[in-house]
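Report on the following structure.
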Amino acid sequence: MNNSDDRTLRFNPASPLFNQHIYQIYQRMRRQQPLLRIGRTWVLTRYQDVSAALRAPQLSCSGIPRHLSAEFARLQGGLAPELAMLVQEMALFQDNGTHRQHRKPLMALFSREPLAQLRRLVVDEINRSIAALAKTDRLDVIVQLARPLWPRLFARWLNLSPQQSQVIEQEKESIRLLLDPSAIDRAGLERLASALRRLDTLFSQLYQECADGRPSLFFAALAQGYGDQQALMQRYFSADCVTILIGGSETTEALIGNLMQVVAQDEPLQQQLRQHPQWIAQAVQETLRYESPLQMARRTVIQPWTLHGRTLREQDAVLLCLGAANRDETQFCGAQQFDLHRENNSRHLGFGGSAHLCAGQLLARFQAESVCAALLQHFPRLRPLEQAQWQTDSLILRSLKSLPLALG
């Protein structure tokens, strides 16, 4: 391998070349550098190692709030205490017993009847979007379907007013920065602080309105989850709403785009899914492995942890490359190919794992399945119109900027 190739295949998510060669880079790292150290950050790429790290009690999710607090202190003089508390109380960033206790009421949002109600909303939103495309011969799956789907669904789920929905629309991009704080500059911190404040105000107001009798499927399901702990629900309500907002937005948009790119590029696969729509769920699972929307997860070492004979020290950062683990040939035979009938694709780590397995994964998968089914049902052929371009704003997300398709 020459020096040019060597530079191209280095692990550098900030490089414009990284997304072009991402799976070659991962493959090289799994074989030659399964535990890569960059400063005080350790990068893991093998399935077995990433899976172990997701379960390791020596690693914590709470590093992101601490990192944000440090960045705000360095660049802006500090984050307001009430906003810092809001971030700390998000289930995404909690560990151990606190996380388990907080996760339990959140899971009530996706229990049998609430999930059935949500699915009806999903189908209705998708049908509305498809109906608007009746007289067109092309579609941008990201811009016209995937990106607007979750904010609209979220607004109906919570029963937001038009003014409240507008706040969600205005702040959904800024609040996403919570998942990737290493990419935030001073301007990003300002946008994030403003988004946190506006959303906290909105959700605090919404809690009171719903407590006073305003109907909301979300509020009703969450209240059932918290049971007689209504004071705790009120305390966590803004944090829970922000958690669900950013979790659903990130994963769903990327998953729909990645799935439909695979389907549009493969005509035999399209025909299989048209003839056997019950296989669409398998296609979604394989997409989560093959083109994982969430490529990386962050952890912080809170107790020394040994891996491959090396000791990771307290306060070291650990980057778990979920996308690399999902392409590990020792775990998935023919890992570099999309296999609709792969028997073990449910072992993917696309939704994380262990205690932090994504609470809303059933909803995310259903949205992707429903979009795919609707497009295949309404249009005789889906064909890419141009080469896909991956977004570069987030270092941890594999998501398309746009996906223009010819319809027919």
* Structure fact -> When the range 94-139 is checked residue by residue, the ones that are surrounded by 15 or more Cβ atoms within 10 Å (Cβ to Cβ), touching a Lys or Arg at 6+ places or on another chain (Cβ under 9 Å) and not polar (S, T, N, Q) are LEU121, GLU125
* Quick one: which residue in TYR236, TYR226 is under 29 Å from PHE366 (Cα atoms), aromatic (Phe, Trp, Tyr) and either in contact with a Pro (Cβ under 6 Å, 6 or more places away or on another chain) or surrounded by fewer than 19 Cβ atoms within 10 Å (Cβ to Cβ) (or both)? => TYR226
* To do: Being of a type in the set (D, E, K, R) and part of a helix (DSSP H, G or I) is the filter here, so list the residues in the range 181-230 that pass it.
  => ARG186, GLU190, ARG191, ARG197, ARG198, ASP200, GLU209
* Would you check which residues across the range 43-64 are closer than 22 Å to GLU329 by Cβ and not in a helix (DSSP H, G or I) and list them? => VAL43, LEU44, THR45, ARG46
* Under the condition of being touching a Phe, Trp or Tyr at 6+ places or on another chain (Cβ under 8 Å) and under 14 Å from ARG298 (Cβ atoms), which residue from the range 64-85 is modelled with the highest pLDDT? -> PRO65
* Matching entry among GLN367, GLN389 (being polar (S, T, N, Q) and crowded, with 20+ Cβ neighbours inside 10 Å) -> GLN367
* Would you check if there is a residue in the range 311-320 being assigned to a helix (DSSP H, G or I) and either of a type outside the set (D, E, K, R) or over 13 Å from the mean Cα position of the chain (by Cα) (or both)? => no
* Structure fact -> When the range 65-83 is checked residue by residue, the ones that are aliphatic (A, V, I, L, M) and part of a loop (DSSP other than H, G, I, E, B) are LEU79, ALA80
* From the list GLN337, GLN391, pick out the single residue that is of a type outside the set (Gly, Ala, Ser) and more than 30 Å from GLU125 (Cβ to Cβ). => GLN337
* Asked: Taking the range 9-42 on its own, how many of its residues are surrounded by fewer than 16 Cβ atoms within 10 Å (Cβ to Cβ), free of Cβ contacts under 8 Å to residues at least 40 places away in the same chain, of a type in the set (A, V, I, L, M) and in a loop (DSSP other than H, G, I, E, B)?
  -> 1
* Within the range 267-292, can you find the residues that are surrounded by fewer than 16 Cβ atoms within 10 Å (Cβ to Cβ) and outside any helix (DSSP H, G or I)? -> HIS276
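The values are calculated or read from the model by the stated rules, or taken from the named source; none is laboratory data. No experiment lies behind these values; they were computed from the predicted model shown. In this analysis, Cβ positions are derived from the backbone assuming ideal geometry, glycine residues included, and neighbour counts consider all displayed protein chains.
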